[in-house]
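The values are calculated or read from the model by the stated rules, or taken from the named source; none is laboratory data. This structure is a prediction, so every number in the text was calculated from the model and none was measured. Glycine also receives a Cβ, built like all others from the backbone with ideal geometry; neighbour counts cover every protein chain displayed. To get the accessible areas, we keep the full protein, side chains included, count just its heavy atoms, and leave off ligands, DNA and RNA. Shrake-Rupley method; radii C 1.70, N 1.55, O 1.52, S 1.80 Å.
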Amino acid sequence: MSTSASRFKVIEPFPVAGVDPKQTEDHQYWRGLQFPITIKEFGAVTNVAFQPTKPNFFAVSASTRVILYNPENNESVKTFSRFHDVAYGATFRRDGRLLVAGNADAKVRLFDVDGRVPLRIFKGHTRPVRVTKFCNNMNEIFSAGDDNSVRVWDIPTEKVLHKFDHHQDYVRCGCVSRNADNIILTGSYDHTVRMFDTRSDECTMIVNHGCPVESVLMYPSGSILLSAGGNRIKVWDVLQGGRLLATVSHHHKTITCLRFNHDCTRILSGSLDRHVKIYDVATYNVVHNIDYSAPILSMDVAHEDRTLVVGMADSMLSIRHRKQAVIKEQKEDEVLLSRRKRRQRSHFMGGQTFVPNQGDVIIHHKHKEQLEKYDVYFRKFEHGKALDAALIPQVHMNTPEITVAVFEELIRRDTIHAALAGKGEKKLSVLLKFLIRNITNISFAPVLMDVAEMVVDIYSQAIEDVPVSVINLFQRLRDIIRREGRLQIEMHKLIGCMDTIVSSNSQNIKQSDVDNSTINASNTDPVSLKKS
Amino acid sequence: MSINTNCCSSFGSNESLAVCSTDGVLHIWDVRSGQEKQQYTPASHLAASFTCLSWKIPHHRDKQELNNPKKKKKKLKQKESQEDKLEFIALGTAVGDILLYNCLNGELVFKYSGGHSDKVNSIAWLNESTFYSCSDDQNIVEWNVTAQNHICKWKAEKREVYSICIGPHSKTILSAGKAIKLWDLKTKELLRRYAGHSTPVISLSTVSPPSLSPRQDASVLEALDGLYFLSAASEDRVLSAWQVRNTKHKKIALCSFLLPSEPVTFDILAPNIPDCPTYLLSLTQDGEVAIFCHALNGPLKKPLSPTRTIKVVTEDAILLNIISATFDKKKDGDSPVVIVAYGSDYNVAFEQINLADHELQDIVIIRKDPTKSEIFMEEDKMKLREPIKNKNASSIAPGVPGHSVGGISGKKRKKLPSVGESQLTMEERLSALSVEPPPVVKETTSAPTADSFSVLLSQGLQSNDRDVLNQVLQHGNETLIRNTVRQLPIHYIIPLVKELTGRLQGSPEKCLTFVKWLRAVLSCHTSYLMTFPDVVPLLSRLYQLMNVRTKTHGRLSRLEGKLDLVMSQIASRKDDEEEQKPLAIFEEDSSDGYEDMMIDGVTIDHSMSSDDWDDFSDADNHVDEIDGGKLNEADEDLLMDEDG
């Protein structure tokens, strides 16, 4: 093998201007959720809640039942059907052993996760109970519902410990502070979010959301709370007495549920407009969006974001798992396979694990440089063949920028004329199709326009010999150019409009700014655009 | 979703189907011929639509005579002539009236009112002259056909009573409200109480086991010992089976039948021979019939799944709505025959399905949609005459109030009355004197137009929904764009400009549409943008993008000119060669309709339908790919040749 003094300069892809597709970490992370598994429930799924401890079942409240599902195999484990009417808001205790659920018959039922019969029935509400949650101290629960009252119950005695009648309308959501034992937060259709303290039996904080509140959420630290209602989410600072920090509105219909991801770095919101949006808590900007088929009523995220369960109004339950599990299995398989292979190939690969001693002279094996086919031809100065190699479908379909770069190189070497001439019918039609497809691309247009002009010049001289199919392609090229021309005329008009607006705008603000901006704008060329 | 929720339907045993449509009209269809026999619109059909209907049970001659002499004669005549046909339907209305309708002559026999104060939920016939009804007003009422008034009334529930059903031997009645209750008809005494459903029970029916032959001296309950009955509730995907037991009363359901979706109606085919399974069919809200085959003999822990399902679809795989389904009880055979009525309230088609003919579990019948009427036009028989249209007349089409469809304007008011000169106003006289044509008076208020997508667009921008945005922004109709942009709330303008800037790359057709949108934004909201402080950074990217693109305009025009010249050469050559047919060749190779339009020099209509939009670019690529694939092989051959 000859060692050339300098490496052959390979063709670099033609630089392309334009926006690169957004590929943030968040997109990749949330795209890791697999295709959803859907299960038909008995009615609209009003609540979904994951068990915080190991089997990590999730409880689904729909129609007159609460159903426990196993996320491992997506099958129902158990059904609690001792409800006389529609069941609402089934949630687990922190230790995952007890489950509490409200009911439209105004009673609250407490179940053992392993049992079937309710352990406790709390009677006292007068209207359907929508929210039931365990308090932080494990032996109290709080419930709220359509009778506007919020009650705290003692589990052992089934008695009401505290009753708050501050709300003026249905209470539809609530949560407890994770670090304080006696703070309860509820959101109501009277547009307010109230914070109650069980020590003082009083409402300690009120914030007005401005819409019926459908969901509330509190950070584990208890310093910031979020409320969702209407099509906006509001962020409130608790430590500053309920100051509004931000208003986020990325849905076009009512937001029905809010959840944190596992480590509280992202917020998920589900809405009746059939989207789940994911927000970054640092900026409250949307980082990802997941579409569903029906209005979303409820949602929950499993430990480590392994599973996303969404309950919808058309009584469908959608379960999305993260791909991890599958990858692990594959890896195990791979390990097994590679071990077997290693055994077989062991005597070929004997020197692989050799560790050189000190003082040994190490000579690296030189890998032969793999050149692309068009590069090979360029090296041999076979320009016609290089062009053909750049026009094979794998290259010109997938990486048109390479093909354009080859054209540019041919122009640079001033051999384009020879390379283009004398093509057969098939090669010529491939070339023309490439031109038709890419001549309107802003980045390629200058180069391809030259090429097109040359092709026309070459082949128009012997137009009688050109077959009909190629003539049709010429016609298509003409049409697309004509359309592009019309577009550019329209664009000129639009630029005129913009000039007027920009100049009058700048006059309003500052005279000096005008000149700079218009000069900048009009002096831009493709190169500067590419850089930007 | 199906429309089953609001109408009720029932098969009579003389092979007719009665359907109450949502607009309160009763339709009676003949199952055999599939023709509509009768249609009855009560006077109060809009105020009080029908909520339930019940066919009178078949009667026999030796039944008791009617007492009312006036009606008797008329009725008896009909009965004698049409002995074994049944002719009465009792219809309950939303205001508490019950109408008795004669199917034979299509007349209303009597209207019973005063019994209920609220919606009638269900009607059950006891015998020839007596029927019962239940209502939202918590009562069950006993009626006599001839007495024309209610005989007896008792409160059955604290809430609504949804459904009733007469037990075998006509001694008991079942009622379903919050709970299901069994009453003695004679004493109106509550005999049994069952847990029932949490949602309204839409249907209740007994299964009479063949062995049920009571002793003469048996009490009411003893006579019913072992009787099964079934109940279906709305919003509940199960049918529940219950049993009447003389001793060891159980309140809960014995077994349940799991349906694919909520039930609408169900029907039972009880076996004549003991130990044969009972067939049960249920029509669901999805417009699908589920059939169960199960011998009812004791409690079951797990709900049963359907053994067969029936669906009716069109050839395009559109699910047709099944209105009603029943077992054909007249047929005696090993396997049951199901009669299915599908279509809409106004166009019903019938289908008889023998379950033994089909082996698969899911029976899918492919039929034409009866609601889509077929019109055959025979040229020689057709005489079509254009209606003579007066120039002064304006046509008014029915439409949604407040939304004019376009093209139709309310010019009626401007019609000049033929009045004498003396009655003209001064203005009119002056205008008559002047030589100029009278100035066109503008309509002071124009009706809002429906050709606007502003709500959809604002929703799409709010949630950044790609599908919705594509749906809106693909439209290239100038007036539509202008209306949409004009009605767009002010805070969506900047997001719209950003969105359009992001899209302004790619094929000229798409870009042209977006440029139209941008121009509409700039022209409609000029003043807003002039005052918007960050307009320069907002527009600079757009400006750069378009500047780059339009830079090539001169060269592009030159190239176009060159190509035009070449094409004209070819055209002239083709004119010389007469044997070639240029039209045929163009059709052969043009992959889409665009070129055809362009060749003729016709301006392109850019308002494409939504489907064309995506397909256009794809199709183009696709064609190229296919060609490319072929070429690839050829090219490689060539290359190999050259290498060799």
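Give the residue that is modelled with the lowest pLDDT, with candidates limited to residues of region B:174-195 that are closer than 15 Å to B:Asn139 by Cβ and among the small types (Gly, Ala, Ser).
Checking each candidate, the answer is B:Gly177.
Is there a residue in region A:445-453 that is more than 7 Å from every other protein chain (Cβ to nearest Cβ) and open to solvent by 40 Å² or more (accessible area, probe 1.4 Å)?
yes
Would you pick out the residues in region B:144-164 that are among the hydrophobic types (A, V, I, L, M, F, W, C) and over 15 Å from B:Leu53 (Cβ atoms)? Break it down into steps so the answer makes sense when it comes.
Taking region B:144-164 as the starting set, the residues that turn out to be among the hydrophobic types (A, V, I, L, M, F, W, C) are B:145, B:147, B:151-152, B:154, B:156, B:161, B:164.
Within region B:144-164, B:Val145, B:Ala147, B:Ile151, B:Cys152, B:Trp154, B:Ala156, B:Val161 qualify.
Consider region A:375-396. How many of its residues are under 15 Å from A:Lys427 (Cβ atoms) and either of a type in the set (Lys, Arg) or more than 12 Å from chain B (Cβ to nearest Cβ) (or both)?
The total comes to 2.
Yes or no, residue by residue, for (1) on the phi < 0 side of the Ramachandran plot; (2) open to solvent by 20 Å² or more (accessible area, probe 1.4 Å); (3) within 17 Å of the chain's Cα centre (by Cα):
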position	(1), (2), (3)
A:Leu244	yes, yes, no
A:Thr254	yes, yes, no
A:Arg259	yes, yes, yes
A:Arg266	yes, yes, yes
A:Tyr279	yes, no, yes
A:Val287	yes, yes, yes
A:Asp291	yes, yes, yes
A:Met299	yes, no, yes
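Could you list, in sequence order, all residues of region A:110-128 that are open to solvent by 10 Å² or more (accessible area, probe 1.4 Å) and in a strand (DSSP E or B)? Steps first, please.
From region A:110-128, those open to solvent by 10 Å² or more (accessible area, probe 1.4 Å) are A:112-121, A:123-128; that's our starting set.
Across region A:110-128, the qualifying residues are A:Asp112, A:Arg120, A:Ile121, A:Lys123.
Right, B:Asp118: modelled with pLDDT of 60 or more and acidic (Asp, Glu) or not?
It is true that B:Asp118 is modelled with pLDDT of 60 or more and acidic (Asp, Glu).
Of the conditions (1) exposed (fewer than 15 other Cβ atoms within 10 Å of the Cβ); (2) farther than 15 Å from B:Leu269 by Cα; (3) at pLDDT below 80, B:Asp362 satisfies every one except a single condition; which number is it?
The one condition B:Asp362 does not meet is (3).
Scan region B:487-509 for residues that are in contact with a Ser or Thr (Cβ under 8 Å, 6 or more places away or on another chain) and either more than 10 Å from every other protein chain (Cβ to nearest Cβ) or in a helix (DSSP H, G or I) (or both) and jot them down.
Within region B:487-509, the first condition is being in contact with a Ser or Thr (Cβ under 8 Å, 6 or more places away or on another chain), and the residues that meet it are B:487-489, B:492, B:506-508.
Listed by number, the residues that qualify are B:Gln487, B:Leu488, B:Pro489, B:Tyr492, B:Pro508.
Quick test for you: out of A:Leu225, A:Leu217, A:Leu244, pick the one residue that is free of Cβ contacts under 8 Å to residues at least 40 places away in the same chain and either among the polar types (S, T, N, Q) or part of a strand (DSSP E or B) (or both).
Details: A:Leu225 fails: free of Cβ contacts under 8 Å to residues at least 40 places away in the same chain; A:Leu217 fails: free of Cβ contacts under 8 Å to residues at least 40 places away in the same chain.
Exactly one residue qualifies, and that residue is A:Leu244.
So for region A:420-438 (the condition being within 24 Å of B:Leu518 (Cβ to Cβ), more than 8 Å from every other protein chain (Cβ to nearest Cβ) and modelled with pLDDT under 85), does at least one residue qualify?
Scanning region A:420-438 turns up no residue that is within 24 Å of B:Leu518 (Cβ to Cβ), more than 8 Å from every other protein chain (Cβ to nearest Cβ) and modelled with pLDDT under 85.
Any residue in region A:397-414 that is in a helix (DSSP H, G or I) and within 8 Å of another protein chain (Cβ to nearest Cβ)? Walk me through how you get there before you give the answer.
Going residue by residue through region A:397-414, those that are in a helix (DSSP H, G or I) are A:397-398, A:400-413.
Filter once more, so that each one left must be within 8 Å of another protein chain (Cβ to nearest Cβ): A:397.
Yes.
Got a number for residues in region B:517-538 being facing chain A (nearest Cβ under 10 Å), farther than 13 Å from A:Met498 by Cβ and crowded, with 20+ Cβ neighbours inside 10 Å?
0
Could you tell me which of the residues A:Ser460, A:Ser506 is open to solvent by 20 Å² or more (accessible area, probe 1.4 Å), within 8 Å of another protein chain (Cβ to nearest Cβ) and either over 29 Å from A:Lys9 (Cα atoms) or at pLDDT below 90 (or both)?
On the way: A:Ser506 fails: open to solvent by 20 Å² or more (accessible area, probe 1.4 Å).
Among A:Ser460, A:Ser506, only A:Ser460 is open to solvent by 20 Å² or more (accessible area, probe 1.4 Å), within 8 Å of another protein chain (Cβ to nearest Cβ) and either over 29 Å from A:Lys9 (Cα atoms) or at pLDDT below 90 (or both).
Assess whether B:Leu545 counts as being touching a residue at least 24 places away in the same chain (Cβ under 8 Å), at the interface with chain A (Cβ under 8 Å from one of its Cβ atoms), closer than 18 Å to A:Asn441 by Cβ and assigned to a helix (DSSP H, G or I). Can you show your working first?
Details: touching a residue at least 24 places away in the same chain (Cβ under 8 Å): yes; at the interface with chain A (Cβ under 8 Å from one of its Cβ atoms): yes; closer than 18 Å to A:Asn441 by Cβ: yes; assigned to a helix (DSSP H, G or I): yes.
Criteria met by B:Leu545.
Consider region A:77-90. How many of its residues are among the β-branched types (Val, Ile, Thr), assigned to a strand (DSSP E or B) and either within 16 Å of A:Ala104 (Cα to Cα) or in contact with a Leu (Cβ under 6 Å, 6 or more places away or on another chain) (or both)?
Here is the first cut: in region A:77-90, the ones among the β-branched types (Val, Ile, Thr) are A:77, A:79, A:86.
Of the ones still in play, those that are also assigned to a strand (DSSP E or B) are A:77, A:79.
Right, trim to either within 16 Å of A:Ala104 (Cα to Cα) or in contact with a Leu (Cβ under 6 Å, 6 or more places away or on another chain) (or both) and you get A:77.
Total satisfying the criteria: 1.
Among the residues of region A:195-209, are any in contact with a Leu (Cβ under 9 Å, 6 or more places away or on another chain) and of a type in the set (Lys, Arg)?
no
Tell me, yes or no, whether region A:204-212 has at least one residue that is open to solvent by 30 Å² or more (accessible area, probe 1.4 Å) and within 28 Å of A:Asp291 (Cα to Cα).
As a first pass, look at region A:204-212 and keep what is open to solvent by 30 Å² or more (accessible area, probe 1.4 Å): A:204, A:206, A:208, A:210, A:212.
Filter again for within 28 Å of A:Asp291 (Cα to Cα), leaving A:210, A:212.
Yes.
Any idea how many residues of region B:139-172 are part of a strand (DSSP E or B) and in contact with a helix residue (DSSP H, G or I) (Cβ under 9 Å, 6 or more places away or on another chain)? It would help to see each step written out before you state the result.
Kept after step one, since they are part of a strand (DSSP E or B), are these residues of region B:139-172: B:139-144, B:149-155, B:163-166, B:172.
Filter once more, so that each one left must be in contact with a helix residue (DSSP H, G or I) (Cβ under 9 Å, 6 or more places away or on another chain): B:172.
Going through region B:139-172 one residue at a time, the tally reaches 1.
So is A:His275 touching a His at 6+ places or on another chain (Cβ under 8 Å) and surrounded by fewer than 18 Cβ atoms within 10 Å (Cβ to Cβ) or not?
Details: touching a His at 6+ places or on another chain (Cβ under 8 Å): yes; surrounded by fewer than 18 Cβ atoms within 10 Å (Cβ to Cβ): no.
Spelling it out, it is not the case that A:His275 is touching a His at 6+ places or on another chain (Cβ under 8 Å) and surrounded by fewer than 18 Cβ atoms within 10 Å (Cβ to Cβ).
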